Every structure is written in C-alpha cells, then in structure tokens.
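Read the structure below first, then the notes.
Readers should treat all values here as calculations from the given coordinates under stated rules, not as data from a laboratory. What you see is a predicted model; the values in this text were computed from it and never measured. Reconstructed Cβ throughout: ideal geometry from the backbone, glycine too, with neighbour counts over all protein chains shown.
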Amino acid sequence: MSAPPENASGAERANSRWGEILSYRPIYSVLALLIAWEVASRLALINPYFLPPPSMVIERAYQILLGEKLLQHLAGTLLRSLAALALCIAMGVPLGVAMARIAPVRWFFDPLISLGLPVPKIALWPIFVLWFGFFDTSKILLTAFACAFPVVSATYLGTRNVDKFVVWSALNLGTGPHRLLWKVVFRAAAPEILTGIQTVLPIAIIIVVLTEMLSGGTGLGAMIMYAGRFADIKTVLVGVLAASLMGYAMIKLFEQLRRRLLAWHQETSATA
Amino acid sequence: MTRLAASGRYAPLLLVAAGWELAVLSGAISPNLLPRFSEVMATLWDLLRSFELPREIGVSLLRQMIGFTLAVVIGVAVGVTMARLRLVDRALRPLVTLGYPVPVVALFPVLVLMVGLDHRLQIIVILLGSILPTIVSSFNAARGVDHYLVWSARNLGTGSRRMLWKIVIPAALPEILSGIRTTLSLSFVLLVAAEQLGADRGIGAFALRAGQNGFYTGMFAAILTIGLMGFAADRLYLALMRILLRWQEQE
C-alpha cells in the first residue's frame, strides 16, 4: 500500500507528537504485537496450543524447509497459480478486447460477465471436480475461470474508453486495423488491463490454496489441511505465512513489471 | 421501451440455457457430466417446495449477514479513524499492510480448533476475511476527502465531531459505499468457502454433499442458487447505494 500524500496542516502535525515519534519506526507496532504474542503464549496467557509463540512457528518453518517438504508444497501452489494466471490472461484479455471492438461478441458476453462478476465462483468447485477430477486440471481451470471475470471486465472497459481522438488521428494518418489494435488501442488500454491483472493476483493464490485444502495432494493448502487434521497448528501457521509471503512477493514483482512495461506512460515518470 | 431493452439484454442467458439443454439432449455432452437444464430446474423447484433448499439458504444468509455487518461496522469505523487520527494510523497501518495478503481461509484449521464447527466458525471466517479490505477502502476514501472542504469547515469554526459527521463521512460516502460493495461479494466467497471446508448446514455444504452423493441435479440446482444469491445481493446493494447517494445526484 503506497502512502497517501501527507497534506496535514501545521496544527495537525503539532497536535500529534506521538504520531511523529512513532512515524520513524512504523514497524514497531508489528514488533510489539509479535513480542506480546510470544510473551503471552510462553506465559500461557493465551492458549499456546492454539497460538504457539512466533519463535516456535519460525523454528517449525526451518524444520520443514530442511526436509524440503515446504519447498515442494510451495512450488506446487506457485506453479498452479502461475498456470491459472497465464491461462486467465491468455483468454481474458483477447475476450475483453473483442467485446469492446466487436458488437455481437459484446452482446453475448456483456450480460454473462456482469451477471457472473458478483457470483462466488468457488461454488463451482463440485462441478469442476465432476468434470476434471481432483488433480491439477480442475484446480487450475477453476482458478483461471474465477480470475477471468475481473480481467475481462477491466480489459473491456479499458479498451472501450480509449480516447476516440487518438484512434481517429491514427486512422487519419492511414493506420490499418491490425496496427490500430496493436499499436494504438492495446497500448492506450494497457494501464487498465494491468490493473485488472493486479487485482486478480491475490485472488489466484487464495483460490489455488482453497482448492488444495478441499482436495488434498500437494500444495500449501493440502499441507495446511493435513496438519490441521493432526492439530499441528505450528505447521498450519507456517503454511499461512508461506502463502502470504508468496502473495506479497507476487504483488511486488508485478508492480516492478508494470513500471517496466509502462515505462513510456506518464504514470511511471510521475512516480519516478 | 427501456424495460424491453433491459429484458432483451439478458437474452444471451436464454441462449446459454438452450445450448445447455440441446447439447445434452443431442448426446454431445454426456448426461453423467451435465444433467439437462430442464432437469436441474425441476429439481430446483422440488427442493424449493420441500423447503429443503430454503432452510439451507436461510442458514447461509444468516451467517453471511452477521459476518458482513460486523466487518462493515468495524472496518469502516477503523478505516475512518485511521484516516483522521495519526496515532491510530501509525499503530495500525503496518499491521494492515502485513495482514492484507494473508489468505484468511487458510487459517480455517486453526479456527476450527479454536471455536469448533458451528455458526460462529463461518461468521469468523467472513469477518476476518473481509475486514481488512473494508478498512483499506474506507481509509482511502476518508483520506481522499478534499482538504479544502475540511479547511473551510475548520475556518468556519466546525468542531471535530461535527467535522467527522457533517464533512468527512458525507464526502467520503460514495467511495466507502463502493468499497463495501466489494466486501459484499467477498463475504459470499468466504461463506461458500467456509461451508465447503467444513459445515453440516448451509447451501455451500449442501452443494458439496450433493456432488459427493452423486445427486448431480441437486448439486447444479444448489450452485445456481448460490450464484443467484450473490447476484441478487449485489443488485439490491446497488439499489440501496443509489438511494443513499440520492442527495449527491441532485447537485
């Protein structure tokens, strides 16, 4: 989350000395929480069975990492998420562009997308299991399907809202339909398409983890559910931590990618 | 005329239903994989008439409404407070930033051990899963309020309490409300996820169980119902939003 602009007036600043002091080390509250958790758990003020001290969770993470099990599960979840995202982008972006440019496609898909957008796609899990079995195919396809809706809708809106004057000038200068699509429309809509993909990154990981929890096998979700069955809360928390870090890393890496892809765009030069 | 156009807009849905029916009737898709649309509708009608489905819907909606309402009330309060009070912001923002990418459904096994398998479990999953996005969206909304509005009000002698209720909240309301719309559809995802992971009641559990028992028409009927619930809640909320923001459109 980027920090909002600090527009507080002088009076407001002077009034919040405490805020000023804390502002230098905003991470203190996280440390305080971790220490409080550690101490409370060690002194059994909170049930250490349900919330084991963080140091013991880290220790467990190290143990599983050494056994290479964690890496195996992490790789499973990561590969499934990436496969689903690739599929979702490969299907969703062309469909969104087609909806914006071709009237019959828009007529058919617009109501389906607007109807499907608020529907919890995870509800389709039993159908995907029936059609594609318990393994990778159903997990990847359901995740790709769930992620497709926001991507299609962002691409459609972004492409539709491309400045008409830009398109007209390009046409006037003799740009053919292919070049118009690739060199003008697609680039003008790129920021909104990328935003659509960014909103979908955490959703992809959550749905992959969820389907792994529902079906077992490999992956962080399966590891979490299996550990939960034996009330091994430390391992559950290691799994949750690993999934969170993966999501965080993916979001940050994509922000970098966006900056590189949109190097020509004013949004990049404005933040640099 | 506009009514006609509005109903014509959803004609592709009829096309999909007809295509579904024909694909199974013609044998292109095996009825073992996809029961006919008309059969699913007949089962849906039976399940509705026997009150089997309405009971599950009631259980699910109760859980969803409690979890969602708690998340909205606490989330908006915390988000707006963070935007107004720097100390609260400094203390909570790192926690919010760190907690944001945590997949709350993955905490399910811990929550099961802590609260057991009853209504509270689903409610807590919904609350925990949707509170952070609500905090972030209402924080951004209150933070984004035009500073000139706040400054002129302060210049005119508005106290901090009046400032909050008469200036900041009304100005941030449109964005807060559209953030809550995201929370609403998220709450249905969390509800269905929590019911599939472990619950004996509720529409999500019903759909999963029907699939496991080979009662496929019932499974499709229940899943269609979940879809309709999510869609109907979203449209109802949009209507409510329009009423709440009526004063704004008159400008």
37 °C / 0.692 mPa s Stokes-Einstein diffusion coefficient of region A:205-250, Kirkwood radius on C-alpha pairs, µm²/s
319 µm²/s
Given an 8 Å cut-off on Cα distances and at least 6 residues of separation, report the relative contact order of chain B as a percent.
24 percent
Work the Kirkwood hydrodynamic radius out for region A:142-272: mean of 1/r over every pair of different alpha-carbon atoms, inverted, in Å.
17.4 Å
Region A:147-226, relative contact order [Cα under 8 Å, separation at least 6], %
31 percent
For residues of B:55-64, the mean tally of beta carbons on other chains within 10 Å:
0
Mean projection area, nm², convex hull over Cα of the protein assembly as shown
29.3 nm²
Ranked packing of B:94-105, B:22-33, A:119-130, A:62-73, most packed first, by mean Cβ within 10 Å:
A:119-130, B:94-105, A:62-73, B:22-33
In a GNM of chain A with a 10 Å cut-off on Cα contacts, which of A:142, A:115, A:31 has the highest mean-square fluctuation?
A:31
Normalise the Debye intensity by I(0) for region A:57-207, one equal point scatterer per Cα, no solvent, then take log10 at q = 0.10, 0.18, 0.19, 0.20 Å⁻¹ and round to two decimals.
-0.47, -1.04, -1.11, -1.18
Highest GNM mean-square fluctuation among B:107, B:15, B:62, for chain B with Cα springs under 10 Å, belongs to B:15
Could you give the length gained by full extension between residue B:74 and residue B:41, i.e. 0.36 nm per residue of separation minus their alpha carbon distance, to one decimal place?
7.9 nm
Dividing the alpha-carbon radius of gyration of region B:27-181 by 2.2 N^0.38 Å (N being the number of residues), what value is obtained?
1.49
Identify the residues of region B:50-67 with backbone N under 18 Å of a label point that sits 7 angstrom from the Cα of residue B:114 along the Cα-to-Cβ direction, or state none.
B:67
Spin-label model distance (nm) - residue A:161 vs residue A:82, 7 Å beyond Cα toward Cβ
3.2 nm
Counting only the backbone N, which residues of region A:55-72 are under 13 Å from the spot 7 Å out from the Cα of residue A:36 toward its beta-carbon?
none
Just grab the label-to-label distance for residue A:249 and residue B:178, each label 7 Å out from Cα along the Cβ direction, in nm (one decimal).
3.4 nm
Could you identify which residue out of B:167, B:126, B:66 has the top mean-square fluctuation in a GNM of chain B using Cα springs shorter than 10 Å?
B:167
Could you grab the relative contact order for chain A? Cα pairs under 8 Å, six or more apart, rounded to a whole percent.
21 percent
Bin all alpha-carbon pair distances of chain A at 5 Å intervals from 0 and give each bin's fraction as a whole percent.
1, 5, 9, 12, 12, 12, 12, 11, 10, 7, 5, 3, 1, 0, 0, 0
Along principal axes, Cα extents of region B:26-107, largest first, whole Å:
65, 31, 21
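So which helices of chain B fit the span-like rule, where a helix is a whole DSSP H run, its Cα atoms reach 27 Å or more along the axis, and its mean Kyte-Doolittle is at least 0.5?
B:52-84, B:119-143, B:169-197, B:216-244
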Straight-line reach from residue A:69: which lysines have a Cα under 26 Å away, not including same-chain ones fewer than 8 places off?
A:139, A:234, A:252
So how far apart, in nm, are the two label points at residue A:107 and residue B:161 if each is 7 Å from Cα heading toward Cβ?
6.1 nm
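Per residue of A:107-119, what is the mean number of Cβ atoms on other protein chains within 10 angstrom of that residue's Cβ?
Averaged over the peptide's residues, the number is 6.
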How large is the helix-only mean residue ellipticity at 222 nm for chain B, computed as the sum of -39500 (n - 2.57) over DSSP H runs with n ≥ 4, divided by its residue count, in deg cm²/dmol to the nearest 500?
-26000 deg cm²/dmol
FRET efficiency estimate (nearest 0.05) - Cβ-Cβ, residue A:261 to residue B:15, R0 45 angstrom
0.75
